[in-house]
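Here's the structure we're looking at; comments come further down.
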């Protein structure tokens, strides 16, 4: 392949992925607005028209922001690649009086800051304009900035050693470096699973043991019935940041924790809390997390093998904006290939999103079925409807947009499936 051909393929893939994103977002906006004035019959007895309109307006506002974000992301990607942005960063880091490996680290830092700054306004607008407008935001500007700082610190503490290790392996481990890098990546993922519940999550939220109550009795009985042991039942102060509610099962091995948002506990009855947890336990008992880790392992292995092949191809560098005059420098620095690869990869993997979404929705159906066998199907339905209303989740998504993106089944489909299981 020549550099010119690869450039054409990259530009075409970027144009197609952006066009599809914008088209799907437009369909979602149009479909939701067209159904704004009528609550679906399956929910008419439980959700009022005002709540349905709020969910429609919330969905439309988020989609419009997503449209603008997609356009800006595409522009930043072009600027960093074909626009010569990364080439300029590489040239600048070549002048630094530090070792070659650390020049690559500096390059990643500068590129990360640029990409991060481009996304920062959208994060701010989502939190302080959209979430505020619809009554969900509880964040202060100080807390938002603090969270950004903590997130950056965690990324440095955990991510920097991994980056340095991978860059070193690319230099020192020979032609099979990608196998060693894959092993490091998988070890890193497992480490994060272990550390997240006890070390990372508490940096951002306060976790307190679930108080003795009817809900706790039901939850403990459910755990016993399902043969599940955990490191504890905890309540997270989600209301400090948002009005949204949720529950989740986190951790790995003996570090497993069950976490409820305080906003969820304040809205659901004990049997509904039990049903929501039964769904989350379904993911655990049916080994959905393990299956996703396995798929991630296979995919990451293939991706790293592809990177190893591309890193030796001059047309890969030139096709993504590195001048031919810089090829000797760029190809001698493994970090350049890694950065270019990470920038361009989402353009080509975009087509896999509907497959990932379909796989996730299948797991959600299976977890719902598990919940109906170990808790009340009626309570699960009531809980889900409350969560749809409280989180302003649209009941009428565009079917094509939902099939492409949604990790959970549409509300009407999901509720109907649970009703059929109960019957």
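For helix 160-172, report the angle its Cα long axis makes with the longest principal axis of the Cα atoms of the chain; keep it between 0 and 90° and round to the nearest 10°.
Tilt relative to the chain: about 40 degrees.
List the extent of the Cα atoms of the stretch 316-400 along each of their three principal axes, largest first, rounded to whole Å.
68, 26, 21
Can you list, largest first and rounded to whole Å, the semi-axes you get for the stretch 153-203 by taking the square root of 5 times each eigenvalue of its Cα gyration tensor?
The answer is 25, 12, 4 Å, longest axis first.
At q = 0.08, 0.13 Å⁻¹, what log₁₀ I(q)/I(0) does the chain have when each alpha carbon counts as one equal point scatterer in the Debye sum?
Results for the chain at q = 0.08, 0.13 Å⁻¹ read -0.53, -1.34.
Compactness ratio of the stretch 108-231: Cα Rg over 2.2 N^0.38 Å, N = residue count?
Ratio of Rg to 2.2 N^0.38 Å for the stretch 108-231: 1.49.
Normalised by the number of residues in the chain, what is the relative contact order in percent for Cα pairs under 8 Å and 6+ residues apart?
Relative contact order here is 24 percent.
Could you give the semi-axes, largest first, of the ellipsoid that matches the stretch 86-158, computed as the square roots of 5 times the alpha carbon gyration tensor eigenvalues and rounded to whole Å?
Each semi-axis is the square root of five times an eigenvalue, giving 34, 14, 7 Å.
Go ahead and estimate [θ] at 222 nm for the chain from helices alone: -39,500 (n - 2.57) per DSSP H run with n ≥ 4, summed, over the residue count, rounded to 500.
My calculation for the chain gives -22000 deg cm²/dmol from helical runs alone.
Rg/Rh for the stretch 168-281 to two decimals, with Rh computed the Kirkwood way over all alpha-carbon pairs.
So for the stretch 168-281, dividing Rg by the Kirkwood Rh gives 1.15.
What nm distance separates the two modelled labels at residue 199 and residue 216, each placed 7 Å from Cα along Cα→Cβ?
A separation of 2.9 nm, rounded to one decimal place.
Please figure out what share of the DSSP beta bridges in the chain is antiparallel and state it in percent, rounded to the nearest 5.
Percent antiparallel among DSSP bridges in the chain is about 65.
Rule-of-thumb check for the stretch 1-83: C-alpha Rg over 2.2 N^0.38 Å?
Ratio of Cα Rg to 2.2 N^0.38 Å: 1.59.
Over all distinct Cα pairs, what is the inverse of the mean 1/r for the stretch 1-139, reported as the Kirkwood hydrodynamic radius in Å?
18.5 Å
For the stretch 256-334, what is one quarter of the convex hull surface built on the Cα atoms, given in nm²?
Spelled out: convex hull of the Cα atoms, projected over all directions, averaged, 9.2 nm².
How long are the three semi-axes of the equivalent ellipsoid for the stretch 211-348, computed from the Cα gyration tensor as the root of 5 times each eigenvalue, in whole Å, largest first?
Square roots of five times the eigenvalues give 48, 18, 11 Å.
Every number here is computed from the coordinates shown, using simple stated rules; none is lab data. All values reported here derive from a predicted model rather than from experimental measurement. Positions of Cβ are generated from backbone atoms using ideal geometry, with glycine treated the same way; all protein chains shown enter the neighbour counts.
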